[in-house]
Amino acid sequence: MATVDRIRTAPASDYPMPDELRALAGDEDVLSRDHLVAVAAAAADVYDVDALSLHHHGFRYYARLWRDDRSEAWMICWMQDADTGYHDHDDSSGAVHVHRGQVMEENPLISADGRTSVRVTYGEGSTFSFDGAHIHRMCHTGEDVATTVHVYSPPLGRVGAYDISDAGLLRRRSVPGDVELRPGLGRG
């Protein structure tokens, strides 16, 4: 089993991708979305995600699994009411694998029929991907806690945190990639 730093915030040092996952990552400097999906799904088996999980009321526990020059991965433990708020991943594409429980992804939508978002619920075993321009928020949903594995390539440098003002204006604020996302973070 690979080792992991079990702190809530991002460690300053880098941890390489485990050898068991390198064959799934391809040879390119930036992992394709297909490679991200394969690596995210396999990472939960390479790391003992159940043993690393910590579900605590009041915050999302997260731990960096690895970070190297091509990619980085995080394990995130979700409790009821956990919500990232709307955000993008700047120049990084990503994939999310749901190891336990379920999460909901919500995308903002500008529609003539008045719909304001598209919501998709992902259950245990699901994996989805997105490019850096993809704006979404993720929330815990369901009765039980959830655990997800997120893989990004290139590693997150910055993310965009979004907020909708009282006047209905969408605003973006650039924040470091290791800041915990939450609703309202885009307010500046």
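Scan Glu105, Glu20, Glu124 and give me the residue that is touching a helix residue (DSSP H, G or I) at 6+ places or on another chain (Cβ under 8 Å) and of a type in the set (Asp, Glu).
Values: Glu105 fails: touching a helix residue (DSSP H, G or I) at 6+ places or on another chain (Cβ under 8 Å); Glu124 fails: touching a helix residue (DSSP H, G or I) at 6+ places or on another chain (Cβ under 8 Å).
After applying the criteria, what remains is Glu20.
Residues are listed down the side, and each one gets a yes or a no for (1) in contact with a Gly (Cβ under 6 Å, 6 or more places away or on another chain); (2) under 19 Å from Cys77 (Cβ atoms); (3) part of a strand (DSSP E or B); (4) not basic (Lys, Arg):
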site	(1), (2), (3), (4)
Asp113	no, no, no, yes
Phe128	no, yes, yes, yes
Ala133	no, no, no, yes
Arg137	yes, yes, yes, no
Val149	no, yes, yes, yes
Val159	yes, no, yes, yes
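Of all residues in segment 168-188 being of a type outside the set (A, V, I, L, M) and under 16 Å from Ser92 (Cα atoms), which is modelled with the highest pLDDT? Steps first, please.
So the first thing to find is which residues in segment 168-188 are of a type outside the set (A, V, I, L, M), and the list is 168, 171-174, 176-178, 180, 182-184, 186-188.
Now narrow it down to the ones that are under 16 Å from Ser92 (Cα atoms): 174, 176-178.
Numbers: Ser174: 90, Pro176: 84, Gly177: 83, Asp178: 79.
Here the residue is Ser174.
Residue count for segment 159-176, restricted to those that are under 28 Å from Pro16 (Cα atoms), in contact (Cβ under 8 Å) with a residue 24 or more places away in the chain and crowded, with 16+ Cβ neighbours inside 10 Å: 3. Scanning segment 41-63 for residues that are assigned to a loop (DSSP other than H, G, I, E, B) and at pLDDT below 80 gives Asp48, Ser53, Leu54, His55, His56, His57, Gly58, Phe59, Arg60.
When segment 129-153 is filtered for residues that are in contact with an Asp or Glu (Cβ under 7 Å, 6 or more places away or on another chain) and surrounded by fewer than 19 Cβ atoms within 10 Å (Cβ to Cβ), the ones remaining, listed by number, are Gly132, Ala133, His134, Ile135.
Among the residues making up segment 81-108, a single one is in a loop (DSSP other than H, G, I, E, B), polar (S, T, N, Q) and either more than 12 Å from the chain's Cα centre (by Cα) or modelled with pLDDT of 95 or more (or both): Ser92.
The values are calculated or read from the model by the stated rules, or taken from the named source; none is laboratory data. No experiment lies behind these values; they were computed from the predicted model shown. Don't worry about glycine lacking a Cβ; one is built from the backbone with ideal geometry, like all the others, and counts go over all protein chains shown.
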